[in-house]
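Colleague: Just passing along the structure, written as structure tokens.
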Amino acid sequence: MLKFTGQQERLRKVVKEFAEKEIAPIADKLDAEDTCPADLLMQMGQLGFNGVFVPAQYGGAGLGYTERTIILEEIARYSAGLAMALMTHHLGVATILHYGGEEQRKKYLPDLCSGRKLAGLAVTEPSGGSDFMGQQSTGRLIDGEWVLKGRKCFITNSHNADVTVLTVRTGEDARGRAQLTAFLVDAGTKGFGPGHKERKFGLRGSYMGDLNLNDVQVGEDAVLGGVGEGTRLGLAVIGEISRSGTAAIGLGILRACLEESIKFARERIIYGKPLARLTNIQFIIAHNRTDYEAGRLMTYHAVGMQDAGLPCVTEVAMAKFLVCEAAVNAAKRTIDLMGGYGVVNDCPVGRYLRDAVATIPASGTSHIMQVVIASGTLV
Ligand SMILES: Cc1cc2nc3c(=O)[nH]c(=O)nc-3n(C[C@H](O)[C@H](O)[C@H](O)COP(=O)(O)OP(=O)(O)OC[C@H]3O[C@@H](n4cnc5c(N)ncnc54)[C@H](O)[C@@H]3O)c2cc1C
């Protein structure tokens, strides 16, 4: 049974009220214009959302990943795109918190928690996001300065992050495998900056695009977690924090589909009666409810393990796989339930479908989730 503490229930209420008041009225606009509102990110910081799992000593709310999931679910209920910006910000924050030195934590975390600054995490390259070890961007240590070269693509917060954690190839081991190192790079560093901005069809309301590294010079204090630690750090953050965050966003979309399908089925009158009287419509609602409850159980179970410090890469992958695929199917079913109204742009469910489809590659595709789940099962 899923049971939240009183504090977690109160947090959900606060986030829900915030989302209904501040996000719901502008959700369609964020989607239409594909803009990421800096003022809302600042407000979320002031409410403690941006540094929810960061200890108070660094300016965070001192809570955990379950609370982060509650926040992301409630925000994604109204704007999955905005939730994606916050989710990715958390990846930069988590990497600094878990792998940064004390100086790096003190330098970055207070501003990232308060909403004054935004973070990002950049690993994907044109050579393929699934091929994490195939990264081609390089870092060379020359006269005490690291020189970074290459291009990252499909990076969330590419055009508005103040600091980005990124991985590059800094050498090779004896078997020729890449040695990756993570760096903290500030916006405005010479040679570093956003390039092409993608026009994505889903999860609009968060920017996604290229980050160019043209002979970017950073000091040795920009190395995060030690030289050669990029693989361990990157896979851990993506495997647990990124995928559970995307699952939380999928859960928000699933709940949006469930709530919209119930509302429409009750209000639409056909044959002189509410649509909800038809058995096939009841089946759609039953399916949406079941998918949401299953996704909820799996996602909160996985982040509960994360909070307990247990290995949970397989559980997180199962939650991400189930929830994001279910969100696509629930959005399609909900559109079917609505007849012609479902395909009209005034109806938000078309947006839910586009958002749900866009969650599939984010944090690793469903194919990769199945590879991870199978390898965690066949051990
Ligand atoms: C909305 C969104 C936000 C994103 N934000 C970020 C971000 O902030 N930072 C970041 O670094 N990246 C980000 N990404 C990139 C994301 O991580 C990649 O898109 C994802 O890892 C897939 O990589 P790819 O797009 O290069 O596809 P590819 O890796 O080229 O995959 C192409 C196809 O091959 C399949 N495939 C690949 N390898 C295997 C395999 N071993 N077994 C079976 N099938 C396989 C895939 O499932 C897919 O169907 C984001 C992507 C999206 C869509």
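The values are calculated or read from the model by the stated rules, or taken from the named source; none is laboratory data. Since the model is a prediction, treat every value here as computed from it, not as a measurement. Positions of Cβ are backbone-derived with ideal geometry, glycine not excepted, and every protein chain shown enters the neighbour counts. These accessible areas exclude ligands, DNA and RNA; they are computed on the full protein's heavy atoms, side chains included. Shrake-Rupley method; radii C 1.70, N 1.55, O 1.52, S 1.80 Å.
Colleague: Being in a helix (DSSP H, G or I), under 20 Å from Arg204 (Cα atoms) and away from the ligand (no atom under 15 Å from the Cβ): is that true of Gly340 here?
Modeller: Values: in a helix (DSSP H, G or I): yes; under 20 Å from Arg204 (Cα atoms): no; away from the ligand (no atom under 15 Å from the Cβ): yes.
Here the answer is no, as Gly340 does not meet what is asked.
Colleague: Can you find even one residue in the stretch 92-105 that is within 10 Å of the ligand (Cβ to nearest atom) and buried (at least 24 other Cβ atoms within 10 Å of the Cβ)?
Modeller: Initial filter on the stretch 92-105 (within 10 Å of the ligand (Cβ to nearest atom)): 92.
Restricting the remaining residues to those that are buried (at least 24 other Cβ atoms within 10 Å of the Cβ) gives 92.
The answer is yes; a qualifying residue exists.
Colleague: For the stretch 296-327, give me each residue that is of a type in the set (Gly, Ala, Ser) and either open to solvent by 60 Å² or more (accessible area, probe 1.4 Å) or under 16 Å from the mean Cα position of the chain (by Cα) (or both). Don't jump to the end; show me each part of the working.
Modeller: Here is the first cut: in the stretch 296-327, the ones of a type in the set (Gly, Ala, Ser) are 302, 304, 308-309, 317, 319, 326-327.
Across the stretch 296-327, the qualifying residues are Ala302, Ala308, Gly309, Ala317, Ala319, Ala327.
Colleague: Of the residues that make up the stretch 205-216, is at least one of a type in the set (S, T, N, Q) and either loosely packed, with under 14 Cβ neighbours inside 10 Å or outside any loop (DSSP other than H, G, I, E, B) (or both)?
Modeller: First pass over the stretch 205-216, keeping only residues of a type in the set (S, T, N, Q): 206, 212, 214.
Within this subset, residues satisfying the condition of being either loosely packed, with under 14 Cβ neighbours inside 10 Å or outside any loop (DSSP other than H, G, I, E, B) (or both) are 212, 214.
Yes: the stretch 205-216 contains one or more residues that are of a type in the set (S, T, N, Q) and either loosely packed, with under 14 Cβ neighbours inside 10 Å or outside any loop (DSSP other than H, G, I, E, B) (or both).
Colleague: For the stretch 222-314, please list each of the helices (runs of 4 or more DSSP H) lying entirely inside it that holds at least 1 residues being touching a strand residue (DSSP E or B) at 6+ places or on another chain (Cβ under 7 Å) and in contact (Cβ under 8 Å) with a residue 24 or more places away in the chain. It would help to see each step written out before you state the result.
Modeller: Numbers: elements: 230-236, 243-267, 279-307.
Answer list for the stretch 222-314: 230-236, 243-267.
Colleague: Need the failing condition index for Gly150 against (1) on the phi > 0 side of the Ramachandran plot; (2) more than 16 Å from the ligand (Cβ to nearest atom), just the number.
Modeller: The single condition Gly150 does not satisfy is (2).
Colleague: Does Gln370 meet the test of being among the polar types (S, T, N, Q), within 20 Å of the chain's Cα centre (by Cα) and away from the ligand (no atom under 15 Å from the Cβ)?
Modeller: Numbers: among the polar types (S, T, N, Q): yes; within 20 Å of the chain's Cα centre (by Cα): yes; away from the ligand (no atom under 15 Å from the Cβ): no.
No, not satisfied.
Colleague: Hey, another quick one. What are the residues in the stretch 139-171 that are open to solvent by 40 Å² or more (accessible area, probe 1.4 Å) and among the β-branched types (Val, Ile, Thr), if any?
Modeller: Answer for the stretch 139-171, where residues must be open to solvent by 40 Å² or more (accessible area, probe 1.4 Å) and among the β-branched types (Val, Ile, Thr): just Ile142.
Colleague: Further, regarding this structure: Evaluate the following for Asn345: is it open to solvent by 60 Å² or more (accessible area, probe 1.4 Å), part of a helix (DSSP H, G or I) and more than 15 Å from the ligand (Cβ to nearest atom)? Reasoning before the result, please.
Modeller: Numbers: open to solvent by 60 Å² or more (accessible area, probe 1.4 Å): yes; part of a helix (DSSP H, G or I): no; more than 15 Å from the ligand (Cβ to nearest atom): yes.
Considered against the rule, which asks whether it is open to solvent by 60 Å² or more (accessible area, probe 1.4 Å), part of a helix (DSSP H, G or I) and more than 15 Å from the ligand (Cβ to nearest atom), Asn345 comes out as no.
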